[in-house]
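What follows is a set of notes on a single structure, which appears directly below.
The values are calculated or read from the model by the stated rules, or taken from the named source; none is laboratory data. Computed from a predicted model, the values in this text were never measured in an experiment. With ideal geometry, Cβ positions are generated from the backbone for all residues, glycine too; neighbour counts draw on all protein chains shown. Quick note on the areas: whole protein, heavy atoms, side chains included, nothing else; ligands and nucleic acids left out. Shrake-Rupley method; radii C 1.70, N 1.55, O 1.52, S 1.80 Å.
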Amino acid sequence: MSTRNSHTPSVIIRLVFAVAAFAVVVPARGAGQQATGSSVSGVVTARSSGLPLRGAVVEVPDLGVRTRTNAMGHYRMKNLPARSLTLVARVLGHEEQTHTVRIREETGTRADFSLVELPVRLRAIEVLRERTELGRRLEDNPGSVHVIARDDFEPHTLLFDDVHQLLRRVPGVNVQEEEGYGLRPNIGMRGTGSERSAKVTVMEDGVLIAPAPYSAPSAYYFPVTGRMQAVEVRKGSSQIKYGPWTVGGAVNLVSSSIPDALSLAADVVGGDNSTRKFTGRIGDSYANFGWLVETYQLESDGFKEVDGDFPAGFDIEDYVAKARFNTSPGTAVYQELELKLAHWDERSDETYLGLADSDFAQTPNRRYAASQLDVMKADHQQYQARHFLRAGERFDVTTTLYRNDFKRNWYKLQSVLGTGLHSVLSSPSEFAAALDVLRGGDSDTDALHVRANKRKYFAQGIQTVVGIRFGTRTVFHQIELGARYHHDQEDRLQHEDAFQMVSGRMIQTTAGTPGSQANRVSEATAVSLFAQDEVAVGRFLVTPGIRYEHVDLTREDYATETPVRGAPKRVRDNTVTSLLLGLGASYELAPRLRLFGGVHNGFGPPGPGSDEDTEAERSVNYEVGARVERGGLEAEVVGFFNDYSNILGAATLSSGQGATGEQFNGGDVDVLGVEVSLNA
């Protein structure tokens, strides 16, 4: 991923200016359809506070012409006919307002709106504070932000079932397929590496969702995207407040909201390989209470074929229940408490065993007989209690208490005739006897070793975010102050069983002792703080931010000779403290054309099993870009440069480096790239 091409920065600059030129050349929707140059402009504010409402839609329904307010609440529409027109202004969380004005030819007309605040139950998409971002325009962010909503796709689509397919729509996101269904995603951003999504901050409803985000961030559990209403991706300076990993980006999965009225939906889908999917959702809201119950179930026989006709599919069941208690609308201080319970269960007949090149060339979907017992069994429980308080337009507090429990046992082939799988398949002529056993040939006792990769995880904590808004008609501030206390743990107790291959079937010959292959506990305790201010001044939007991370890491290794744990044989401790700075800025060069850029510190904590010399991952990240919307087209181009002073590598079985999980210093790395997107 490293490059030092001196021509690339100039290419980035040319692309950014090309987007700006595109905005000027391509006419806006509705422009040029009228012969006059008449216009209407004004400001949209909140009636209770007088604060500007950013991102409000102002529309002339009869003409199909619309625009949005900028960061200061201002809007302008040009080339309107000189006659009486009805204008409508609306923004999430406020009553719609209508004005009828007389447009005067060749002169400007003024029409201001003052919108009345509504009860809070909002669906705006925003990490951590999705209920408080009133009318926020994502395109105003001084960084790369993409939101993919379920409502944007046709019913019955399977796109939301595989997060890999979903994220291919987002430039700068790198995915690596594993089993073809996206069950264990491998997501990277801007060159971070994609293995197990370990270097990406992954959240559900703004809460860290990896099994153990600090001590073992590899995503052996990933939320079912099929029950999400949206997926949000943030890269660059727009994601510094979402740690612990701040180098590449953050992914937030937004679960289904409690509906405003009685809602019932069900979907049944069938497909190839006996694939069957069922989704069901029912919920309702009342004056002071709302609820939702949802299930997602997907099973398939898979597209691979195991020698001897053994299973190669999977079965997933996911259940979610939500309940909301809220104060009555119209109260001076609005509050609500939302409780969320979720259960997920998976069985996948999946393996790490691949094929020799010659066999892959003939039957790429084949699986050797030696993978017949490989299976992943896992379950996950999620508990959340979120309290939200809002006092008028100026102040809100969102506090979330959370706990996630995850356990899994991936029972999979580890070696054959004492040789690792990678060695056998990369040199089949050298290990011909071992390859014959993998294909189902008879063997002696204890020829095949299958490891029970048994692990238990938990992650728990409390986080709170305070939002403060104030300003004048010339300068407007949106301040966020956040804090999180987090504790997580990974517990490994693994063993290996030995088998003999007889007539294509594996027969157990020796049972392993629990803990004989791995017997250790890793823990992390982290305190995170951040502060960020969005300052709107005219056409400028400047966002300075600061983040503090303090992480205490511990790993205890126990004797592998006995499953009974006494005192640990070895204890490794590591403490990491980091202060991260970020600054983003954007400028509205023209209506619907914005230039933006930023710089921020990148950070990633080392694992608790790392050597004392292993440092945190650190970088300085830069980006510059432009985004535009014209005539139904949306375009964005972003150039980025990540300057690592230290990148972390990890020894894992899937990367061919062994299964220790220990991280190591990778040294200086430069990552340079360009992201381009166009939507019509």
Q: First compute the accessible area of segment 487-598 with a 1.4 Å probe, then give the percent of it belonging to carbon and sulfur atoms.
A: 58
Q.
Helix-only estimate, please: 222 nm mean residue ellipticity of the chain, summing -39500 (n - 2.57) across DSSP H runs of length 4 or more and dividing by its residues, to the nearest 500.
A. -1500 deg cm²/dmol
Q) What are the residues whose amide H is under 5 Å from the amide H of T509, where those residues sit 5 or more places off or on another chain and H is modelled from the backbone? A) D446, A498, F499, Q500
Q | Test item: Cα-centred dipole of segment 506-643, Lys/Arg +1 and Asp/Glu -1 on Cβ, debye | A | 300
Q: Would you mind getting me the FRET efficiency between V571 and N409? Use the beta-carbon distance for r and R0 = 35 Å, nearest 0.05.
A: 0.85
Q | Cα lying deepest toward the dipole's positive end in the chain, options G226, T331, S285, charges on Cβ | A | T331
Q | Lysine pair count for the chain [Cα-Cα under 20 Å; pairs on different chains or 8 or more apart] | A | 16
Q.
Over all directions, how big on average is the projection of the convex hull of the alpha-carbon atoms in segment 480-595, in square nanometres?
A. 14.2
Q: Report the FRET efficiency, 1/(1 + (r/R0)^6), for Q508 and T363, where r is their Cβ-Cβ distance and R0 is 35 Å, rounded to 0.05.
A: 0.80
Q | Spin-label model distance (nm) - S263 vs I479, 7 Å beyond Cα toward Cβ | A | 3.6
Q: Figure the gain on full extension for S49 and D379 (residue separation times 0.36 nm, minus the Cα-Cα span) and round it to one decimal in nm.
A: 114.0 nm
Q: Work out, in µm²/s and without decimals, the Stokes-Einstein translational diffusion coefficient of segment 186-316 at 20 °C, 1.002 mPa s, Rh from Kirkwood over C-alpha pairs.
A: 124
Q. Rounded to the nearest whole Å², what accessible area per residue is found for segment 431-523 with the 1.4 Å probe?
A. 41
Q: For G249, enumerate residues with amide H under 5 Å from its amide H, sequence gap 5+ or separate chain, H modeled in the peptide plane.
A: T201
Q. Using a 1.4 Å probe on the protein chains only, how many percent of the accessible area of segment 381-423 belongs to carbon and sulfur?
A. 61
Q) Quick one: of the DSSP bridges fully inside the chain, what percent are antiparallel, nearest 5? A) 95
Q. Once you treat every alpha carbon in segment 337-421 as an equal point and sum by Debye, what is log10 I(q)/I(0) at q = 0.15, 0.17, 0.24 Å⁻¹?
A. -0.73, -0.82, -1.11
Q: Calculate the spin-label point distance for D315 paired with L401, positioning each point 7 Å from the Cα along the beta-carbon direction, and give it in nanometres.
A: 3.6
Q) How large is ³J(HN,Hα), in whole Hz, for each residue of segment 432-437 in order, when computed from phi with the Karplus curve 6.51 cos²θ - 1.76 cosθ + 1.60 and θ = phi - 60°, using x for Gly and Pro? A) 4, 5, 5, 5, 4, 5
Q | the chain, dipole about Cα centre (Lys/Arg Cβ +1, Asp/Glu Cβ -1), debye to the nearest 20 | A | 2780
(Q) 7 Å from Cα along Cα→Cβ at both H487 and F470: what's the point-to-point distance in nm? (A) 3.7
Q | Fraction of beta bridges assigned by DSSP in segment 200-260 that are antiparallel (%, nearest 5) | A | 70
Q: Using just the alpha carbons, could you tell me how many Å³ per residue the convex hull of segment 285-392 encloses?
A: 135
Q) What's the long-distance tail for the chain, i.e. % of Cα pairs beyond 39 Å? A) 39
Q. Under 18 Å from the 7 Å Cα→Cβ point of A149, by amide nitrogen: which residues of segment 56-80?
A. 56-59, 66-69
Q) Of I462, M506, G597, which is farthest on the positive side of the dipole of the chain, counting Cα position, with +1 on Lys and Arg Cβ, -1 on Asp and Glu Cβ, and the Cα centre as origin? A) G597
**Q.** Cα-based shape type of segment 164-249, given that a ≥ b ≥ c are square roots of the gyration tensor eigenvalues and the cut on a/c is 1.5
**A.** rounded
**Q.** Sites L118 and S677, calculated FRET efficiency, Cβ-Cβ separation with R0 45 Å, nearest 0.05
**A.** 0.85
Q. Using +1 on the beta carbon of Lys and Arg, -1 on that of Asp and Glu, and nothing else charged, what's the dipole of segment 517-570 about the Cα centre, debye to 20?
A. 160
